[in-house]
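Q: Quick one: the structure is below, and I'll ask about it shortly.
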Amino acid sequence: MISRHFLQDLSRGVHVDRINNDIESGIRSGVTVAPDLFINGIQYTNQWSIEPLMAALSTNDSSNEC
């Protein structure tokens with residue numbers, strides 16, 4: 001069930017500025033599709049399977065591209 005508070009916020013555009021800021025930030029960061037994943041501020045572009053993801057998460061060298 002959709003709450004009254006949610007509908008009121010939606011009709012007033014309460015979150016429009018935040019959404020637009022998030023979109024602009026994503027564009028500046030190189031996001032071209034959603035969902036997109038960043039690990040330690042680096043865009044992850046490898047396969048979305050467990051082994052490559054775990055390797056990217058466990059690396060301590062933030063200078064390596066994901």
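Each value in this text was obtained by applying a stated rule to the coordinates, not by laboratory testing. These numbers come from a predicted model, not from an experiment.
Q: Pulled fully out, how much extra length does the chain show between Val16 and Gln43, if you take 0.36 nm times their separation in residues and subtract their Cα-Cα distance?
A: 7.2 nm
Q: Another one. Can you classify the chain as rounded, prolate or oblate using the Cα gyration tensor, where a ≥ b ≥ c are the square roots of its eigenvalues, rounded means a/c under 1.5, and otherwise it's prolate if a/b beats b/c and oblate if not? Before the final figure, lay out each step's value.
A: Values: a/c = 3.47, a/b = 2.24, b/c = 1.55.
Judged from the Cα gyration tensor, the chain comes out prolate (a/c at least 1.5, a/b above b/c).
Q: Calculate for the chain the 222 nm mean residue ellipticity that helices alone would give, adding -39,500 (n - 2.57) per DSSP H run of length 4 or more and normalising by residue count, nearest 500 deg cm²/dmol.
A: Roughly -14000 deg cm²/dmol at 222 nm, from the helical runs in the chain.
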